[in-house]
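The structure appears right after this line, and notes come after that.
The values are calculated or read from the model by the stated rules, or taken from the named source; none is laboratory data. Worth saying up front: this structure is predicted, and the values here are computed from it rather than measured. Positions of Cβ are generated from backbone atoms using ideal geometry, with glycine treated the same way; all protein chains shown enter the neighbour counts. In case anyone asks, the SASA skips ligands and DNA or RNA and just uses the protein heavy atoms, side chains included. Shrake-Rupley method; radii C 1.70, N 1.55, O 1.52, S 1.80 Å.
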Amino acid sequence: MDAELDDDRPEARWDRRTEVPLAVASLVFLAAYAVRVLVRDLPDDLLDLCLALNLAAWVLFGIDYAVRWRLSGQRLRFVRTHLLDTAVLVLPLLRPLRIVKMYEAVQRRHGRPRLALHARVIAYAGLSTVLLGFSGALGVYQQEHAAPDATIRTFGDAVWWTCSTLATVGYGDVVPVTPVGRLIAVGVMAIGLALLGTVTGTFASWLLQVFSREDDDRPPGS
């Protein structure tokens, strides 16, 4: 009964109506940004179109944030309770995370999720890693490839650096040298630690539950 009342909240109804358009906007934003960064000698018309698509996605996220803040009636508390949405609004490279949120909403619509809790956490963390890794590689490549004394010259270098950073390995063969590139690196490091800790902790918890069930199933005295 409480779940049904919660779904009837204006904010919940707004989320259901906008989850798919905002996920599409996230994909459009990422695609337009990738074209701007990776395609060289892009005609001015296409460059302006990609920039317009990026700005339009930003406006959509701003409208969504403002509407949900208004519907929640929480004022400043809304910012603290919706940290992901706040971060997505402020930091463009985090916008692909809306796709993960839509995937979670689709799972809820089917009633009980098809995957167990541990599998869902690992799936969400994996999807987040791929999206954020690609976005981080784009951002670092954009800032680094033309910088003096840069070691990240190609997008392949940026992908390699992002993978090693997310995995917390950090070989040090390619590193960002620009201030913005290093700022992105700090974010990628923090995300890598958080996601690695999430997956490791979830997997360890699953193993403990498996071993605990095995112990419960053993006959007494065995």
Among the residues in region 105-119, are any modelled with pLDDT of 65 or more and either surrounded by 12 or more Cβ atoms within 10 Å (Cβ to Cβ) or in contact with a strand residue (DSSP E or B) (Cβ under 7 Å, 6 or more places away or on another chain) (or both)?
yes
Filtering region 5-64 for residues that are outside any helix (DSSP H, G or I), over 27 Å from Ile152 (Cα atoms) and of a type in the set (Lys, Arg) leaves a count of 1
For Arg75, work out the one condition from (1) in contact (Cβ under 8 Å) with a residue 40 or more places away in the chain; (2) assigned to a loop (DSSP other than H, G, I, E, B) it doesn't fulfil.
(1)
Residues satisfying the stated conditions in region 68-86, i.e. open to solvent by 40 Å² or more (accessible area, probe 1.4 Å) and β-branched (Val, Ile, Thr)
Val79, Thr81
How many of the residues making up region 135-185 are polar (S, T, N, Q), part of a helix (DSSP H, G or I) and out of contact with any Phe, Trp or Tyr (no Cβ under 6 Å at 6 or more places or on another chain)?
5
Do the conditions hold for Val159, that is, is it modelled with pLDDT of 85 or more and closer than 26 Å to Tyr124 by Cβ?
yes
Could you please give the count of residues in region 130-148 that are buried (at least 21 other Cβ atoms within 10 Å of the Cβ) and among the polar types (S, T, N, Q)?
2
